[in-house]
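Before any comments, here is the structure.
The values are calculated or read from the model by the stated rules, or taken from the named source; none is laboratory data. For clarity, every value in this text was computed on a predicted model and none was experimentally measured. When we count neighbours, we look across all protein chains shown, and the Cβ atoms used for this are built from the backbone with ideal geometry, even at glycine.
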Amino acid sequence: MLYNNIPNFGRHRYRAAHQCTADAKALKDKEDRKVAARMKIEEHLGKRPLEKTSTPSTVVRPKRLNPKLELMKLKLRAKGDDGVPQESRLYFTVHFPESSKKDPVPLFFDKTQSIGRMLDRIAQLGNLSNNNHKLDSVDPNRLHLLTWPDKTKLATENPIDQVLNNGVDVMIEYGNSI
């Protein structure tokens, strides 16, 4: 037979399937090296007792996606004026006042528009009463556009692209609830 000339033909493929002394010696050497490495690590770092907790501690973290992927998803769901060219659009997730009980809405705006026009359009889409043109700047019923979640007020006369980045969250809020 041709297979008889092959040196390992009679041996088993797996070590556990036979009791070869050479394999047993190799396993013992491997285990000795593991023990020696573990002792060297303990010597170098010091022995630290293992602390066992009664319940496993799990930290719940919000699922963060890639910012580019989040922006792509935002672009798919965003609503706005279809007359705005694609290259002039800036996309935002808009949070409405808590009193309105509305969910955040993805919207897009023309990047050359002012923050004030953006504020007016958001108020219109959210069915919020907007009397900013009649009210003075410190009136508590005046609407303000804020960054979300840190609630920094945005000046209404600046263009959108100079103040906000694409894909950020903003919120609209009345002056008395800021």
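Being part of a helix (DSSP H, G or I), surrounded by fewer than 10 Cβ atoms within 10 Å (Cβ to Cβ), modelled with pLDDT of 65 or more and not acidic (Asp, Glu), is that true of even one residue in segment 90-106? Within segment 90-106, not a single residue is part of a helix (DSSP H, G or I), surrounded by fewer than 10 Cβ atoms within 10 Å (Cβ to Cβ), modelled with pLDDT of 65 or more and not acidic (Asp, Glu).
Taking segment 85-130 as the range and being closer than 24 Å to Asn141 by Cβ and charged (D, E, K, R) as the test, the residues that pass are Glu98, Lys101, Lys102, Asp103, Arg117, Asp120, Arg121. Looking only at residues that are among the aliphatic types (A, V, I, L, M) and at pLDDT below 85 in segment 117-144, which one is nearest to the chain's Cα centre (by Cα)? Among residues in segment 117-144 that are among the aliphatic types (A, V, I, L, M) and at pLDDT below 85, the one nearest to the chain's Cα centre (by Cα) is Val138. If you filter segment 68-89 down to residues that are surrounded by 11 or more Cβ atoms within 10 Å (Cβ to Cβ) and among the aliphatic types (A, V, I, L, M), you find that the one that is farthest from the chain's Cα centre (by Cα) is Val84. Residue count for segment 116-154 under the criterion of being touching a residue at least 40 places away in the same chain (Cβ under 8 Å) and part of a loop (DSSP other than H, G, I, E, B): the result is 3.
Taken over segment 153-178, the criterion of being farther than 19 Å from Ser88 by Cβ, among the β-branched types (Val, Ile, Thr) and modelled with pLDDT of 85 or more is satisfied by Ile172 alone.
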